[in-house]
1. Can you give me the ranges of the helices (runs of 4 or more DSSP H) entirely in the stretch 63-138 with at least 3 residues that are free of Cβ contacts under 8 Å to residues at least 40 places away in the same chain?
2. Of all residues being aliphatic (A, V, I, L, M) and under 17 Å from Ser143 (Cα atoms) in the stretch 372-388, which is nearest to the chain's Cα centre (by Cα)? Just the residue, please.
3. Is there a residue in the stretch 328-339 that is farther than 30 Å from Ala152 by Cα and either outside any helix (DSSP H, G or I) or of a type in the set (Asp, Glu) (or both)?
4. Any idea which residue in the stretch 349-358 is farthest from the ligand (Cβ to nearest atom), counting only those that are part of a helix (DSSP H, G or I) and surrounded by fewer than 19 Cβ atoms within 10 Å (Cβ to Cβ)?
5. Considering only residues of the stretch 171-188 that are of a type in the set (D, E, K, R) and more than 7 Å from the ligand (Cβ to nearest atom), which is farthest from Arg214 (Cα to Cα)?
6. For the condition within 16 Å of the ligand (Cβ to nearest atom) and out of contact with any strand residue (DSSP E or B) (no Cβ under 6 Å at 6 or more places or on another chain), what is the one hit in Leu331, Leu346?
7. Considering the stretch 376-406 alone, what residues qualify as being surrounded by fewer than 14 Cβ atoms within 10 Å (Cβ to Cβ), part of a loop (DSSP other than H, G, I, E, B) and at pLDDT 90 or above?
8. Can we say Ser370 is within 16 Å of the ligand (Cβ to nearest atom), within 30 Å of Phe103 (Cα to Cα), outside any loop (DSSP other than H, G, I, E, B) and hydroxyl-bearing (Ser, Thr, Tyr)?
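The values are calculated or read from the model by the stated rules, or taken from the named source; none is laboratory data. These numbers were taken from a predicted model, which means no experiment stands behind them. So basically every Cβ, Gly included, is an ideal-geometry build from the backbone, and we count neighbours across all protein chains shown.
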Amino acid sequence: MSEPQGATESAEHAAYRESARSWLAENAELKTGVDDWSTQKTHVDPDALVAYFERCKAWQRTTFEGGYAGITWEKAYGGQGGESWQTRIFREEQAKFDVTNGFLAATTAMLGTALRFHGTEQQKTTYLPPMLSADQTWCQLFSEPNAGSDLAGLACRAERDGDVFRVNGQKVWNSMAQAADWGFLLVRSNPDAPKHKGITFILVDMSSPGIEVRPLVQPNGQSHFNEVFFNGVDIPVANVVGEIDAGWTVAKTVLMAESQFIGGAGGADTSTVLIDLARKQGLADDPVVRQELATAYINETILKLLSQVMNDAIRSGKPPPIDGALLKLKLAYNRVQFGNLAMLLLGPASLVEIGPDSTRAMEELIGRFSVSIGGGTNEVGKNNIGHRMGLPREPGTPIDMPWKDIPR
Ligand SMILES: Cc1cc2nc3c(=O)[nH]c(=O)nc-3n(C[C@H](O)[C@H](O)[C@H](O)COP(=O)(O)OP(=O)(O)OC[C@H]3O[C@@H](n4cnc5c(N)ncnc54)[C@H](O)[C@@H]3O)c2cc1C
């Protein structure tokens, strides 16, 4: 189920939809069910995970060559110089086909936005085109064992030695770091400064000597996340994005883009998947199920519209009309409703993997936690919104206390 189209769509939008649809028909297969590879996120076998990543790269490359990657990005950096409604329409049409660029979409949204805002011209021309063509893939190296919600407290140390920063420390929960070519990394470059003011944002080649990536095994058997250890890794100072010690500004752009991406990724409609499951279970005419399916559709539609309002403002250089954290929180709440509904539909089969439908239901039921934690937890999102609403800051150490003096 997608947004109303046709009568409510302008001729320009309808023409774009038609050209996207015919390009997709030439380059991809239509989905045949909700269990196509594009919707499956469960990859217990590490080889299957890597194979999935390779297929995501291949599809990203195809969209790049076809003129559908970086639709709103500047042409000089490999983009199309288009409008955000084009991205929305392309995603809606793409969701009907058995393709995805998977996690690449997240890192492209995060780092692409940060580089376009804060990168030098040389960094933009060096890194943005291969990001869009998937010739270079990226992972986010932010969280640490003692710095998740309190990200600005991070301890991974970078010491300047001539033209390089020598990095020692550990990161954790780094999605797909086992497969990525490059990472965008936050390091503590000045321990004497207050915690937000001694952080540097730097790009690191994941094949650099001294980097060790250890996949973490999740309770469901997947290894989406990794621990990444830095043992005396030399990174050129030229790889710093923004100013040395002022990486928090760049990190905030990444976090904003991440929230917005997670909240507004759109494309595949979960309500469609749930309706499909309801039909298969013979429950589509159940009065309670119908109410819940309508609620799922309403929730999804509200999120899509909020996301479009946000994208339109950003594209036209206006300040975001709504707080970016709101989109991600809305998605997190939606996922709770979707997960509960999946359990209502599949019953105990949503707790064990006995076939594609139970895998999909499990994804909704258990996978919902990833949205309430990844990219900042719901609680932290609400704290931030509260602060921006003018509520007092949370109690804590004084904001100007040097990082090295903060009790740990
Ligand atoms: C799917 C997913 C993908 C991820 N990918 C990456 C990645 O690629 N790269 C990366 O660097 N990180 C990644 N992360 C890590 C993620 O950013 C952190 O898990 C998140 O910021 C929370 O940090 P934490 O796990 O250390 O939890 P903690 O900060 O230890 O929080 C534990 C609990 O305490 C609560 N809490 C903490 N502080 C407060 C407070 N001030 N007020 C109220 N409640 C509070 C939290 O809400 C949470 O419930 C990913 C996480 C997930 C789930």
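1. Counting at least 3 such residues, we get 121-132.
2. The qualifying residue nearest to the chain's Cα centre (by Cα) is Ile373.
3. no
4. Restricting to residues being part of a helix (DSSP H, G or I) and surrounded by fewer than 19 Cβ atoms within 10 Å (Cβ to Cβ), the top hit is Ala349.
5. Within the stretch 171-188, the match that is farthest from Arg214 (Cα to Cα) is Arg188.
6. After ruling out the rest, the residue left standing is Leu331.
7. Met389, Gly390, Leu391, Pro392, Asp400, Met401
8. So Ser370 fits the description; yes.
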